[in-house]
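Student: Below are the structure tokens for one structure; questions will follow.
The values are calculated or read from the model by the stated rules, or taken from the named source; none is laboratory data. Only a predicted model underlies this, so the values are computations on that prediction, with no experimental measurement involved. We place every Cβ from the backbone using ideal geometry, glycine too, and count neighbours over all the protein chains shown. Surface accessibility is based on the protein's heavy atoms, side chains included, excluding ligands, DNA and RNA. Shrake-Rupley method; radii C 1.70, N 1.55, O 1.52, S 1.80 Å.
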Amino acid sequence: MEKRAVILTSGGLDSSTVLAMARAEGYACYTLSFDYGQRHRAELNAAARVSAALGDVEHKVVSLNLDSIGGSALTDAAIAVPEEATEGIPVTYVPARNTVFLAIALGWAEVLDARDIFIGVNAVDYSGYPDCRPAFIEAFERVANLATRVGVEEGGIRVRAPLMDLGKAAIVRRGIELGVDYALTVSCYQATDDGLACGRCDACRLRREGFEAAGVPDPTHYAGS
């Protein structure tokens with residue numbers, strides 16, 4: 001029987017690496033992205049490009065209106081994206097985003113008879129989001145197996161976070177080994193419509209430091225360069 005997985009795909013560095021890792025493990029990959037009212041659509045275009053380049057079976061985009069509740073610099077234009085390091089959970093945290101995304105991925109996984117969901121969260125070089133921690137992933141997997149038919153009757157489902165203990169440099173190296181073209185990806189919180197990165201936000205800083213530490217040329221397209 002075909003081994004299927006749902007891969008949460010944002011078009012960024014981490015999720016693109018996870019997609020390549022799942023493919024390398026022999027999964028038929030069904031990629032899932034969200035049009036959730038984020039600042040720019042460039043990441044959705046990148047998600048489609050990366051999914052096609054890495055040989056997904058199907059790429060689905062689900063529309064949500066998280067901008068209707070706001071509360072984040074990524075969904076509320078009135079909140080500025082920080083361009084300096086901040087303390088605590090940053091304003092780019094989108095309330096309950098990974099909980100919502102994983103819940104929808106779980107539903108699609110049941111429909112597909114996929115037993116694995118992959119997500120590119122990371123607890124080493126990350127922005128401090130509470131829904132990127134191991135405890136959250138473990139807790140969600142428990143809920144998933146309590147709340148679904150596949151969990152109750154069919155052996156269960158796994159939530160895989162293979163980048164959890166990797167730094168950005170290790171992630172970049174792994175992706176290069178697996179043939180990820182990072183020039184196709186967009187990580188910036190405030191990229192232009194053409195996908196040009198600002199080079200100043202937290203996501204850009206972490207990405208740039210990752211390539212530098214990995215000793216790999218940075219293929220990011222920056223605005224004004």
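Student: Using packing as a proxy for protection, rank 43-49, 58-64 so that the peptide with the highest average count of other Cβ atoms within 10 Å comes first.
Tutor: 43-49, 58-64
Student: Compute the angle between helix 134-147 and the longest alpha-carbon principal axis of the chain, please, reported from 0 to 90 degrees and rounded to the nearest 10.
Tutor: 30
Student: Could you work out the Rg to Rh ratio of region 48-115, with Rh taken as the Kirkwood radius (inverse of the mean 1/r over all Cα pairs)?
Tutor: Reported Rg/Rh (Cα atoms, Kirkwood Rh): 1.08.
Student: Continuing with this model, one more query. Calculate how many DSSP beta bridges within the chain are antiparallel, expressed in % of all such bridges and rounded to the nearest 5.
Tutor: About 0 percent, rounded to the nearest 5.
Student: At a threshold of 8 angstrom on Cα-Cα distance, excluding pairs fewer than six apart, so keeping six or more, what relative contact order does region 1-56 reach in percent?
Tutor: Worked out over region 1-56, it gives 43 percent.
Student: Among 66-79, 8-21, 105-118, how do they line up from the highest to the lowest mean number of other beta-carbon atoms within 10 Å?
Tutor: Per-residue mean Cβ counts within 10 Å order the peptides as 8-21, 105-118, 66-79.
Student: Taking Rh as the Kirkwood radius computed over C-alpha pairs, what is the Stokes-Einstein D of the chain at 4 °C in a medium of viscosity 1.567 mPa s, expressed in µm² per second?
Tutor: In µm²/s, the coefficient rounds to 73.
Student: Restricting to Cα pairs below 8 Å that are 6+ residues apart, what does the relative contact order work out to for region 80-216? Please round to a whole percent.
Tutor: Reported relative contact order: 26 percent.
Student: Rounded to two decimals, what is the ratio between the C-alpha radius of gyration of region 1-93 and 2.2 N^0.38 Å?
Tutor: Cα Rg divided by the expected 2.2 N^0.38 Å: 1.24.
Student: Related question: Compute the helix-to-body angle for 202-214: its Cα long axis versus the longest principal axis of the chain, expressed 0 to 90° and rounded to tens.
Tutor: The angle comes out near 90 degrees.
Student: Given C-alpha coordinates of region 169-225, what is the ratio Rg to Rh with the Kirkwood estimate of Rh?
Tutor: Computed over Cα atoms, the ratio is 0.96.
Student: Compute the orientation-averaged projected area for region 12-61 from the convex hull of its Cα atoms and round it to one decimal in nm².
Tutor: 3.2
Student: Carbon-plus-sulfur fraction of the accessible area of the chain, 1.4 Å probe, in percent?
Tutor: 51
Student: With runs of 4+ DSSP H residues as the only contributors, calculate the mean residue ellipticity of the chain at 222 nm using -39,500 (n - 2.57) per run, divided by the residue total and rounded to the nearest 500.
Tutor: Only helices count here, giving -11000 deg cm²/dmol.
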